[in-house]
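Asker: One structure is given below, represented as structure tokens, and several questions about it will come after.
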Amino acid sequence: MMREDGFKVNLYDPYFYPDVSVLDRQYDFVTCSETVEHLRSPMTEFKLLDSLLVPGGHLGLDLIAEFKAHPRHAQAVSFTPDGTEVVTTGMDSLAKVWSVPEFDLIRTFSGHEKSVNSAAITPDGELVLTGSTDRTAIVWDWASGEQIVRLSGHRNTLAASSFSPSGDLGVTASYDGRIGFWLRGSDRLDVVVSHPRNVTCVSFSPCGQVLATSGDRQSGEDMGRRITECSQGDRGSWSGGDRMPVHARRAATVLYL
């Protein structure tokens, strides 16, 4: 259709149009149509496509599926490392696994008592860590759907969870202003203060040595960012280091692990 309208078009598909020479040029517009399911590593491929754009260019994507995953709000979504399955979480207290690209229900993780707000999958795809409004986190066996360990220690809603690149360390974030550390294979969550309140996001650096968190401040308190050195003690406990405040719209914390 675009050619019919006078546009110059190049096609690329790793299976049907595997002409890699088109990836050495730059374009005003790049779009994916009926090809997204062929991307083995979607994030890597989207970064490549974005690099093909001229300044001010546009990357367009087709909607490949829309389905009702939960009867109420869906809270979070995460793909497996190989991209063949996706997990969704909802206010119905469930986490559900779906096939890709069919989006058929494969299994359900049932064990939380309130809304499930996050789900993080280990890089090896063996475990998933969920966080809930019931103030607990649960580690699940991905393949069987069985609960491995329920972790407590937070005093308020869990809003986010994440795994280190190695998969050996899981982290939770809570509205109690704390983050929790779970060492793979252990049965406890070590909780430390990160923000005055409402920690909403946690993210590891690619090397796994730095953890960034974001959250709210208390009323009347300066917003800022804290850079904290952390060390793991003999018993798996965590201690914070110095605080470095800088002005920001939202508070953030960076932990050197």
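The values are calculated or read from the model by the stated rules, or taken from the named source; none is laboratory data. All figures in this text were calculated on a predicted structure; none of them were measured in a lab. All Cβ positions, even for glycine, are placed from backbone atoms using ideal geometry, and neighbour counts span all protein chains on display.
Asker: Taking the options G125, G90, name whichever one is surrounded by fewer than 19 Cβ atoms within 10 Å (Cβ to Cβ) and farther than 20 Å from N198 by Cβ. Reasoning before the result, please.
Answerer: Values: G90 fails: surrounded by fewer than 19 Cβ atoms within 10 Å (Cβ to Cβ).
Testing whether each residue is surrounded by fewer than 19 Cβ atoms within 10 Å (Cβ to Cβ) and farther than 20 Å from N198 by Cβ leaves just G125.
Asker: Also, quick follow-up: Starting from the range 128-148, take each residue that is assigned by TED's automatic domain parsing to the domain that holds T172 and list its partners that are surrounded by 23 or more Cβ atoms within 10 Å (Cβ to Cβ) and part of a loop (DSSP other than H, G, I, E, B), counting only C-beta distances under 6 angstrom and pairs at least six apart or across chains.
Answerer: From residues that are assigned by TED's automatic domain parsing to the domain that holds T172, the pairs are S132/H112; D134/H112; R135/H154.
Asker: For G60, all conditions in the list (1) touching a residue at least 12 places away in the same chain (Cβ under 8 Å); (2) surrounded by 12 or more Cβ atoms within 10 Å (Cβ to Cβ) hold save one; what is the number of the exception?
Answerer: All conditions are met except number (2).
Asker: Okay, next question. Residues being crowded, with 19+ Cβ neighbours inside 10 Å, in a strand (DSSP E or B) and not basic (K, R): count how many of those fall in the range 93-102.
Answerer: Qualifying residue count, the range 93-102: 4.
Asker: Okay, moving on. Taking the range 119-161 as the search range and keeping residues that are assigned to a loop (DSSP other than H, G, I, E, B) and of a type in the set (D, E), which one is farthest from V86 (Cα to Cα)?
Answerer: Here is the first cut: in the range 119-161, the residues assigned to a loop (DSSP other than H, G, I, E, B) are 122-126, 133-136, 142-146, 152-157.
This time we only want the ones that are of a type in the set (D, E), so: 124, 126, 134, 146.
Numbers: D124: 14, E126: 13, D134: 23, E146: 17 Å.
Step by step, filter the range 119-161, then rank; the result is D134.
Asker: Taking the stated definitions as given, is P81 surrounded by 13 or more Cβ atoms within 10 Å (Cβ to Cβ), in contact with a strand residue (DSSP E or B) (Cβ under 9 Å, 6 or more places away or on another chain), touching a residue at least 40 places away in the same chain (Cβ under 8 Å) and not assigned by TED's automatic domain parsing to the domain that holds W140?
Answerer: Numbers: surrounded by 13 or more Cβ atoms within 10 Å (Cβ to Cβ): yes; in contact with a strand residue (DSSP E or B) (Cβ under 9 Å, 6 or more places away or on another chain): yes; touching a residue at least 40 places away in the same chain (Cβ under 8 Å): yes; not assigned by TED's automatic domain parsing to the domain that holds W140: no.
Against the criterion (surrounded by 13 or more Cβ atoms within 10 Å (Cβ to Cβ), in contact with a strand residue (DSSP E or B) (Cβ under 9 Å, 6 or more places away or on another chain), touching a residue at least 40 places away in the same chain (Cβ under 8 Å) and not assigned by TED's automatic domain parsing to the domain that holds W140), P81 does not qualify.
Asker: State which residue is farthest from F29 (Cα to Cα) when the search covers only the range 47-64 and only residues that are part of a strand (DSSP E or B) and hydrophobic (A, V, I, L, M, F, W, C).
Answerer: Residues of the range 47-64 that are part of a strand (DSSP E or B), as a first pass: 53-61.
Add one more test, that the residue is hydrophobic (A, V, I, L, M, F, W, C), and what stays is 53-54, 59, 61.
Details: L53: 7, V54: 8, L59: 6, L61: 11 Å.
Applying the filter and picking the extreme gives L61.
Asker: Quick one: in the range 154-196, of everything that is free of Cβ contacts under 8 Å to residues at least 40 places away in the same chain and on the phi > 0 side of the Ramachandran plot, which residue is surrounded by the most Cβ atoms within 10 Å (Cβ to Cβ)?
Answerer: This residue is G177.
Asker: Follow-up. I'd like the full set of residues that are surrounded by fewer than 17 Cβ atoms within 10 Å (Cβ to Cβ) and basic (K, R), limited to the range 128-153.
Answerer: Matches in the range 128-153: R150 only.
Asker: Report, by residue number, each residue of the range 17-33 that is assigned to a loop (DSSP other than H, G, I, E, B) and either of a type in the set (S, T, N, Q) or surrounded by 10 or more Cβ atoms within 10 Å (Cβ to Cβ) (or both). Walk me through it before giving the result.
Answerer: Of the residues in the range 17-33, the ones assigned to a loop (DSSP other than H, G, I, E, B) are 18-19, 25-26, 33.
D19, Q26, S33 - these are the residues of the range 17-33 that are assigned to a loop (DSSP other than H, G, I, E, B) and either of a type in the set (S, T, N, Q) or surrounded by 10 or more Cβ atoms within 10 Å (Cβ to Cβ) (or both).
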